[in-house]
Each structure stands twice: as structure tokens, then as C-alpha cells.
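Peer 1: My structure is below; once you've seen it, I'll send some questions.
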Amino acid sequence: MMKRACTWLALLPAFLVSVVSAATYELPADGSDVVGAVSTTTARFDDTLIEIARRHDIGYQDIVRANPDVSVWVPGEGTEVIIPTLYVLPAGPRRGVVLNIAEYRLYYFPETKGDEPAVVMTYPISIGRMDWETPLGYTKVISKVTNPSWYPPQSVRDEHAAEGRPLGRIVPAGPDNPLGKHAMRLGLPGYLIHGTNRPAGVGMRVTHGCLRMFPEDIRYLFDHVAVDTPVRIINEPVKIGWLGDALVLEAHPILETSLEKTSDEPLPEDEIFDDTPEEVDVVVEDLPNDGKDPLTFATEQFVVATAERAGELDWSLVEAAISRSDGMPVAVGAGIKNAATSAAFE
């Protein structure tokens, strides 16, 4: 029988890896899958949680879920605010850009040069609304533009008109352009990773399918991500990885879906550049993930995490973490020396 959560949680600080910059972490040399650290800050009298989140490069959902008892608009001077910058890295290849829409977060794994340590850069993002879902799949960055113009499709113009906010056919670069100053076009026609003129919305489900970033984040990423960089868009609300000898789980709420669009239907031409989309090979998957529940996600992640190293979970801890779904990684299991003693490995 594995030990309870308090024992495993005591292990976490011993394995935290170094922070290269505010959003860049060295990949653990021991092969662990967890980077970063949870910290706290003290709110000033004029702070909002949104302002605190941006100072620490985390999104709206990140800070709200980590601080459920703190007022978003008036945290109050002297209030201790949790900064949830501990992350279980997504399963799969650590290459290029990985966008996990379930956690409103982007991971970038740059190629290493010479003797430089391998690192990961991670940033909060906004994702597509339920009626404009961000598609899943494999694609790449096909072009980059500074100060892009926005050519909103008719559907978006109709939506704005119905809200009393009419849009012209072209929105030039400037403070009214929702693309911000930097944009990277993906091989999925009409979809971008871009900045924003409304940074308070980063970390929310508010776009027409594109991925928005804080202006300072997209500016930095824009300079580092090359054209043809691979991009993998996933929807994994539950992640499980190793931290030393502990199995750590990070859970987020499952995204609701309209179930109206599938990968066989045309993609919306949203927030596009003023050039003609080129033909590229992409693989698009359905968002609904076949209606999987959180425990199914956890089971799949456990199988992946223990493919080459035996481990066991305390499912009561897994269920407790999933019930919170606050994005805070917690230890829920451990390695086992003899795989034959575990039913999972029979």
C-alpha cells in the first residue's frame, strides 16, 4: 500500500528545477516531467488578481482556480495570493510548440545548441469559445507577421454588428486591432498564435478559435519560433508525470463543447492575414475526445507515464485531485521496484 498524500507532497521541493527566466525552465536532468514551483505574493491595496497574474505570467483561469477564496477585483492589501507556476509537462514529444487548450497554456521546446541545457518555455493563452472551438491536431508555423492587419470574416462582422459594435472589412494595425503587434499563422487555415489589445482576457475562453497571448509573451516567442516549427494542439485536462520517484497529477476542468463542428467541416477563416492561405499538410482531430470523463483521461495518462517505468496510483488521491481540478499538481502515486507486484503490469 502506498503512503498518503502528505508524504509525497513533502518530496516536491527537492526536485524543483532551476528557472532560467520568468517563463523558461531547464528540463530536469533526471528525466522528471515536472518543472517550476508554487510561490506566493502579497497583494497591494490597488491590485486585482488579473494584474497579479500578468505580473507573474499566468492567465486568468490559473490564478482564479488557485485562489478560489480571493476576490478577483479586490483581493485586499496584504492578502496572500498563490502563484501556481508548477507544471506537469504534456505527454508526448518535447519538440516545437505544444498547445494544451484544456489548461490554457502553451509550451515551447526549442532545439538545443551545443552544450546548452534543454529548456521549456511556457505561457498562458486564450482559446476558442464553445461556438468557435480551437481545433486539435498537428500542424506548423507557416508565416510570421509584425503589425498584421485583420480581415474579419463575415460571420464575425455579423456578430459584432448584432452587438452594436460594427467592424469594417479591414482593421489596420494599431490599438484597435485584436491581433496585437505580432502574429504567427498556423497551417490550419485561418488560425493564428497572436498578441492582443485586451490582455485582461488572456487565460480565458474568448477567441474565435485563435490562440491569444500577452503582448510581451508573443513578442518574445515571435523572435524565437522559426517558420516550419511543428505545432501540436492537444486537449488534455489531466496530466500525469514523474517527479523523482513520485507520480504527480495536474487536473483541469474538462472543456464543454458544442459538439457542432468536427474535423470534416471547413475551418472558420478567423483573424486572418492579408495574404492568401497556402496549402499545407495538417492533421485535425475532433475536440470532444469521445466524451471521455476525467478518470479515463487519468487512466490514459497513467498508462503513458508508466510505459517504461513501473508505478502505482492511489486512486482516492486521483479522484480528490480531479474533484478540485484547480490546476495545482499533487503527488498521487509512486514508483514500484517490482512491476510484477502491480496488477497494472501483469
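Peer 1: Name the single residue that is modelled with the highest pLDDT among those in region 120-135 being surrounded by fewer than 21 Cβ atoms within 10 Å (Cβ to Cβ) and out of contact with any His (no Cβ under 6 Å at 6 or more places or on another chain).
Peer 2: Quick first cut of region 120-135, residues surrounded by fewer than 21 Cβ atoms within 10 Å (Cβ to Cβ) only: 129-132.
Next, from what is left, pick out any that are out of contact with any His (no Cβ under 6 Å at 6 or more places or on another chain): 129-131.
Numbers: Arg129: 78, Met130: 64, Asp131: 64.
Filtering region 120-135 for residues that are surrounded by fewer than 21 Cβ atoms within 10 Å (Cβ to Cβ) and out of contact with any His (no Cβ under 6 Å at 6 or more places or on another chain), the one modelled with the highest pLDDT comes out as Arg129.
Peer 1: Being charged (D, E, K, R) and surrounded by fewer than 18 Cβ atoms within 10 Å (Cβ to Cβ) is the filter; apply it to region 29-64 and report the residue that is farthest from Glu250 (Cα to Cα).
Peer 2: Asp46
Peer 1: Name the residue that is nearest to Pro175 (Cα to Cα), counting only residues in region 111-126 that are among the β-branched types (Val, Ile, Thr) and in a strand (DSSP E or B).
Peer 2: So the residue we want is Thr122.
Peer 1: For region 195-238, enumerate the residues that are among the charged types (D, E, K, R) and without any contact (Cβ under 8 Å) to a residue 40 or more places away in the chain.
Peer 2: Arg198, Glu216, Arg219, Asp223, listed by residue number.
Peer 1: Within the bounds of region 64-79, is there any residue that is closer than 19 Å to Leu106 by Cα and in contact with a strand residue (DSSP E or B) (Cβ under 7 Å, 6 or more places away or on another chain)?
Peer 2: Within region 64-79, the first condition is being closer than 19 Å to Leu106 by Cα, and the residues that meet it are 64-66.
Subset that is in contact with a strand residue (DSSP E or B) (Cβ under 7 Å, 6 or more places away or on another chain): 66.
Yes, the conditions are met somewhere in region 64-79.
Peer 1: Test each condition in (1) more than 19 Å from Ile233 (Cα to Cα); (2) touching a strand residue (DSSP E or B) at 6+ places or on another chain (Cβ under 8 Å); (3) at pLDDT below 95 for Asp286 and report the one that comes out false.
Peer 2: All conditions pass for Asp286, except number (1).
Peer 1: Among what's in region 7-45 and is at pLDDT below 90 and among the aromatic types (Phe, Trp, Tyr), pick the residue that is nearest to the chain's Cα centre (by Cα).
Peer 2: So the residue we want is Phe15.
Peer 1: Which pairs turn up if I take residues in region 32-51 that are more than 20 Å from Ala331 (Cα to Cα) and look for partners that are among the hydroxyl-bearing types (Ser, Thr, Tyr) and in a loop (DSSP other than H, G, I, E, B) with beta carbon separation below 9 Å, at least 6 apart in sequence or on another chain?
Peer 2: Thr42/Thr79; Ala43/Thr79; Asp47/Thr79; Thr48/Ser71; Leu49/Ser71
Peer 1: Looking at this structure, is Ala173 more than 17 Å from the chain's Cα centre (by Cα), surrounded by fewer than 22 Cβ atoms within 10 Å (Cβ to Cβ) and without any contact (Cβ under 8 Å) to a residue 12 or more places away in the chain? Break it down into steps so the answer makes sense when it comes.
Peer 2: Values: more than 17 Å from the chain's Cα centre (by Cα): yes; surrounded by fewer than 22 Cβ atoms within 10 Å (Cβ to Cβ): yes; without any contact (Cβ under 8 Å) to a residue 12 or more places away in the chain: no.
Here the answer is no, as Ala173 does not meet what is asked.
Peer 1: Something else: Val74: within 25 Å of Arg205 (Cα to Cα), assigned to a loop (DSSP other than H, G, I, E, B) and either in contact (Cβ under 8 Å) with a residue 24 or more places away in the chain or among the hydrophobic types (A, V, I, L, M, F, W, C) (or both), yes or no?
Peer 2: Yes: the conditions hold for Val74.
Peer 1: Is one or more of the residues making up region 228-237 buried (at least 20 other Cβ atoms within 10 Å of the Cβ) and on the phi > 0 side of the Ramachandran plot?
Peer 2: So far as region 228-237 goes, no, none of its residues is buried (at least 20 other Cβ atoms within 10 Å of the Cβ) and on the phi > 0 side of the Ramachandran plot.
Peer 1: Also: Thr139 - would you say it is within 27 Å of Glu51 (Cβ to Cβ) and either in contact with a Cys (Cβ under 8 Å, 6 or more places away or on another chain) or surrounded by 16 or more Cβ atoms within 10 Å (Cβ to Cβ) (or both)?
Peer 2: Taking the combined requirement at face value, the residue does not satisfy it.
Peer 1: Across region 99-110, what is the number of residues that are part of a loop (DSSP other than H, G, I, E, B) and either over 8 Å from the mean Cα position of the chain (by Cα) or among the polar types (S, T, N, Q) (or both)?
Peer 2: Here the count works out to 1.
Peer 1: A follow-up question, please. So Arg157 passes all but one of these: (1) in contact (Cβ under 8 Å) with a residue 24 or more places away in the chain; (2) out of contact with any helix residue (DSSP H, G or I) (no Cβ under 9 Å at 6 or more places or on another chain); (3) among the basic types (Lys, Arg). Which condition number does it fail?
Peer 2: Answer for Arg157: the failing condition is (1).
Peer 1: Being under 17 Å from the mean Cα position of the chain (by Cα) and either of a type in the set (Gly, Ala, Ser) or farther than 22 Å from Gly201 by Cβ (or both) narrows it down to one residue among Ala91, Ala118; which is it?
Peer 2: Sole residue among the options that is under 17 Å from the mean Cα position of the chain (by Cα) and either of a type in the set (Gly, Ala, Ser) or farther than 22 Å from Gly201 by Cβ (or both): Ala91.
The values are calculated or read from the model by the stated rules, or taken from the named source; none is laboratory data. As the structure is a prediction and not an experimental result, all values here were calculated from the model. Because the Cβ atoms are built from the backbone with ideal geometry, glycine has one as well, and the counts that use them run over all protein chains shown.
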